[in-house]
Amino acid sequence: MHTFTVPRRFCGPPESGNGGYTCGVLAQELGGVVECTLRMPVPMDVPLQFERRDHGGVLLHEGKVVVEGKAAAIDVTPPASVGLHAATEAMKNSPALDPRHPFPTCFVCGPQRKVGDGLRIFPAPVDGAVYAAAWLPDREFGDRDGGLRLEFLWSAMDCPTGFAAGFPNVGTLVTGRLAVEQIRSIRTGAHCVLMAWPLGVEGRKHFSAACLYQDGVLCAAARATWIRIEN
């Protein structure tokens, strides 16, 4: 049985691991297109056990399921990418920079994370309900060939779906479910544009999707369910 640890650096809320990062760790073990469901806040700096099951696999802590994953298909229609300059300019007005951000130290979208520490992805509206963000994946997050490692792709795809779902304007949302498909390899040290858009709301569930472009080419797509825990 493999074990993994989510370092405190890769937090979402201050006291739990980033959902995208943790789901990406599980997806790496399962392979293919995977949908992950978070069952509890992710403990950090403690061993999580990977267990393969008939439907896919789980990460466990003290016998409790933290996240489970299974094979999935992602059927979304990505919008055309805005240009890198437009995405960069848009980020100046990102709700991630709003003082109401409940998780300002989030590894992905936290404005209090320094350059070279967090990903600092700040999605902002560019066309109605469509959000965009520019991102330069640090070479630290690449494999030996310079390709972006899967757990950091999942991290980058996570928070943009949250902002498209209404975070933080509609209340405090947390990742409930995330599915990611990597279509092409993504180079570290080369600029990307992330796009995200809403898919609907059912009670406390907010649905959204995202995609990642590099050099104008679609490289990844995602579908997410976010859960509103506070108004």
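Within the stretch 161-191, which residues are assigned to a strand (DSSP E or B) and either surrounded by fewer than 24 Cβ atoms within 10 Å (Cβ to Cβ) or of a type in the set (Ser, Thr, Tyr) (or both)? Selection gives 172, 174, 175, 176, 177, 181, 182, 187. Looking at residue 66, is it part of a strand (DSSP E or B) and farther than 24 Å from residue 130 by Cβ? So residue 66 fits the description; yes.
Can you pull out the residues in the stretch 98-144 that are aromatic (Phe, Trp, Tyr), touching a Phe, Trp or Tyr at 6+ places or on another chain (Cβ under 9 Å) and under 16 Å from residue 12 (Cα atoms)? Let's see the steps before the verdict.
From the stretch 98-144, those aromatic (Phe, Trp, Tyr) are 103, 107, 122, 131, 135, 141; that's our starting set.
Still in the list and also touching a Phe, Trp or Tyr at 6+ places or on another chain (Cβ under 9 Å): 107, 122, 131, 141.
Passing the criteria: 107, 122.
No other residue among 12, 83, 31, 20 is among the small types (Gly, Ala, Ser) and touching a Ser or Thr at 6+ places or on another chain (Cβ under 6 Å) apart from 20.
Considering only the stretch 96-110, state which residues are at pLDDT 95 or above and over 16 Å from the mean Cα position of the chain (by Cα). Break it down stepwise before answering.
Looking only at the stretch 96-110, we keep the residues that are at pLDDT 95 or above, and these are 96-97, 103-110.
If the condition is that a residue be at pLDDT 95 or above and over 16 Å from the mean Cα position of the chain (by Cα), then 97 is the only one that fits.
Can you find a residue that is outside any loop (DSSP other than H, G, I, E, B), more than 23 Å from residue 170 (Cα to Cα), in contact with a Lys or Arg (Cβ under 7 Å, 6 or more places away or on another chain) and not hydrophobic (A, V, I, L, M, F, W, C) anywhere in the stretch 83-98? So far as the stretch 83-98 goes, no, none of its residues is outside any loop (DSSP other than H, G, I, E, B), more than 23 Å from residue 170 (Cα to Cα), in contact with a Lys or Arg (Cβ under 7 Å, 6 or more places away or on another chain) and not hydrophobic (A, V, I, L, M, F, W, C).
Given the condition within 27 Å of residue 130 (Cβ to Cβ), modelled with pLDDT of 95 or more and in contact with a helix residue (DSSP H, G or I) (Cβ under 6 Å, 6 or more places away or on another chain), answer yes or no: does some residue in the stretch 38-60 qualify? Give the derivation first.
So in the stretch 38-60, the residues within 27 Å of residue 130 (Cβ to Cβ) come out as 38.
Keeping just the survivors that are modelled with pLDDT of 95 or more gives 38.
Add one more test, that the residue is in contact with a helix residue (DSSP H, G or I) (Cβ under 6 Å, 6 or more places away or on another chain), and what stays is 38.
Scanning the stretch 38-60 turns up at least one residue that is within 27 Å of residue 130 (Cβ to Cβ), modelled with pLDDT of 95 or more and in contact with a helix residue (DSSP H, G or I) (Cβ under 6 Å, 6 or more places away or on another chain).
The residue that is farthest from residue 219 (Cα to Cα), counting only those in the stretch 60-78 that are buried (at least 17 other Cβ atoms within 10 Å of the Cβ) and among the small types (Gly, Ala, Ser), is 69.
Taking every residue in the stretch 1-18 that is in contact (Cβ under 8 Å) with a residue 24 or more places away in the chain and assigned to a strand (DSSP E or B) and pairing it with any residue that is open to solvent by 10 Å² or more (accessible area, probe 1.4 Å) and among the β-branched types (Val, Ile, Thr), at least 6 positions away or on another chain, the pairs with Cβ-Cβ distances below 6 Å are 4/25.
Kindly establish whether residue 153 is closer than 14 Å to residue 221 by Cα, surrounded by 20 or more Cβ atoms within 10 Å (Cβ to Cβ) and not charged (D, E, K, R). Yes, satisfied.
Taking the stretch 1-59 as the region of interest, how many residues are of a type in the set (Val, Ile, Thr) and open to solvent by less than 10 Å² (accessible area, probe 1.4 Å)? Residues flagged as of a type in the set (Val, Ile, Thr) and open to solvent by less than 10 Å² (accessible area, probe 1.4 Å) within the stretch 1-59 amount to 5. Whenever a residue of the stretch 86-106 is touching a residue at least 24 places away in the same chain (Cβ under 8 Å), it has no partner that is open to solvent by 20 Å² or more (accessible area, probe 1.4 Å) and part of a helix (DSSP H, G or I) lying with C-beta atoms less than 7 angstrom away and at least six residues away or across chains. Specify the residue that is surrounded by the fewest Cβ atoms within 10 Å (Cβ to Cβ); the eligible residues are those in the stretch 111-130 that are part of a loop (DSSP other than H, G, I, E, B), small (Gly, Ala, Ser) and touching a residue at least 12 places away in the same chain (Cβ under 8 Å). The selected residue is 116. Answer yes if at least one residue in the stretch 126-148 is among the β-branched types (Val, Ile, Thr) and in contact with an Asp or Glu (Cβ under 6 Å, 6 or more places away or on another chain), and no otherwise. Checking the stretch 126-148: not a single residue is among the β-branched types (Val, Ile, Thr) and in contact with an Asp or Glu (Cβ under 6 Å, 6 or more places away or on another chain). Being open to solvent by 20 Å² or more (accessible area, probe 1.4 Å), more than 29 Å from residue 8 (Cβ to Cβ) and assigned to a strand (DSSP E or B) is true of residue 201.
The values are calculated or read from the model by the stated rules, or taken from the named source; none is laboratory data. Keep in mind that what you see is a predicted model, and the values were worked out from it rather than measured. Every residue, glycine as well, gets a Cβ built from its backbone with ideal geometry; the counts of neighbours run over all protein chains shown. What goes into the accessible areas is simple: the full protein's heavy atoms, side chains included, and nothing from ligands, DNA or RNA. Shrake-Rupley method; radii C 1.70, N 1.55, O 1.52, S 1.80 Å.
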